[in-house]
Amino acid sequence: EAVLDFTPPDIKADLASKTELELIHERIRTTPEHQGHGTQRALILSLLELLAEDAISIVPETGFRQKLLLLIEEPEIYMHPQMCRKMRDTLLSIARSKTAQVICTTHSPIFIDLADRHDGIAIMKRVGGTIKEEQRTEDLFSGDSTHEARSRLRMILDFDPSVNEVFFAREVCLMEGDCEIAAVDAIGKRLIELNLIKRDKYIFIRRDLVLVNCRGKWTIAAFQRVLNGFSIPYRVVHDSDEEGESGANQVIRELLGGSTGRLLIHTPNFEQKIFSETWTKDKPWKATTKIASMTLAQGDLIKFFEFALGIKINEIS
């Protein structure tokens, strides 16, 4: 519970300086600074929700409801994921309703939207002694031919919001399915058990790597458009399969700009190339269990592992 109290000011004072906000818990009234950081953030969120409901008339010369700019540093701190999503939705509501302009810095993928509003994302990276900025002013999916690509990304985000981590990662590898992703971690675990790589070195490399389950080749191409737009380096792993009428394989190669060193293709597919077997279900589990008993000599499986990590195993042994 909160209570707002103020002392009526004289004509020379302003009301804000005479206003006090207190929080009530078990009949004890305290000011916000005497509460924990989580409570303070919850209070800020509540005030922002009130602002989102504001109905002040639009200011003609700006197009916004009022001349207000919100600058928020790391809105995710001291909040669990559900409250972070609530904070994100509230800030979006404020911006979309033109109640105010909103600029925030964040280290949380929850606040990033991979599929929409690319002009609203700016990546700041330190390169050497300078800060490099990557920002797009255009919509990366503005043409009719890329409309489906946006929808595919939106579908992936509904399934797996963590893919937004590509904006924060040092290494990104786009994979056609979940079998390959399961295989990477199974190989890493097995190599550690066999003392072929150092556990701490592998964990360090793996921590900075985002493996994206694209759930299909056309979605790989959709991710490529975003990563290319923001100059985020990446690699691609997919099966050869059948080209199909529209040739997803060709589109992927074109979006790579002819850089074949960043492309690994399994012919005809991952399980047949690596294990000489045909699977129709439980592919991640079957790959994991098979790798768990393998000796992992040099071959296609190690080649795949090194490609996904972007490093040779002798560098982490």
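The values are calculated or read from the model by the stated rules, or taken from the named source; none is laboratory data. These numbers were taken from a predicted model, which means no experiment stands behind them. Glycine also receives a Cβ, built like all others from the backbone with ideal geometry; neighbour counts cover every protein chain displayed. The protein model used for the area step is the full one, side chains on, heavy atoms only, and it has no ligands, DNA or RNA in it. Shrake-Rupley method; radii C 1.70, N 1.55, O 1.52, S 1.80 Å.
Overview of results
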read-out: The stretch 202-253: number of residues that are of a type in the set (A, V, I, L, M, F, W, C), open to solvent by 70 Å² or more (accessible area, probe 1.4 Å) and either under 29 Å from Gly120 (Cβ atoms) or in contact with a Gly (Cβ under 7 Å, 6 or more places away or on another chain) (or both); value: 1
read-out: Residue tally, condition open to solvent by less than 40 Å² (accessible area, probe 1.4 Å) and within 21 Å of Ser97 (Cβ to Cβ), over the stretch 55-83; value: 5
read-out: Long-range neighbours under 8 Å by Cβ, at least six apart or interchain, first residue charged (D, E, K, R) within the stretch 289-317, second open to solvent by 60 Å² or more (accessible area, probe 1.4 Å) and assigned to a loop (DSSP other than H, G, I, E, B); value: Glu306/Lys312
read-out: Check on Thr280, in a loop (DSSP other than H, G, I, E, B), open to solvent by 70 Å² or more (accessible area, probe 1.4 Å) and in contact (Cβ under 8 Å) with a residue 12 or more places away in the chain; value: no
read-out: Scan of the stretch 266-276 for residues that are free of Cβ contacts under 8 Å to residues at least 40 places away in the same chain, open to solvent by less than 60 Å² (accessible area, probe 1.4 Å) and not polar (S, T, N, Q), ordered by number; value: His266, Pro268, Phe275
read-out: Out of Lys86, Lys12, sole residue that is more than 30 Å from Leu157 (Cα to Cα), outside any strand (DSSP E or B) and either modelled with pLDDT under 80 or open to solvent by 50 Å² or more (accessible area, probe 1.4 Å) (or both); value: Lys12
read-out: Condition check for Leu209: under 21 Å from Ser162 (Cβ atoms) and either aliphatic (A, V, I, L, M) or in contact (Cβ under 8 Å) with a residue 60 or more places away in the chain (or both); value: yes
read-out: Test: residue in the stretch 98-106 that is of a type in the set (A, V, I, L, M, F, W, C) and in a helix (DSSP H, G or I); value: no
read-out: Residue, farthest from Thr260 (Cα to Cα), within the stretch 197-241, restricted to residues that are in a helix (DSSP H, G or I) and β-branched (Val, Ile, Thr); value: Ile203
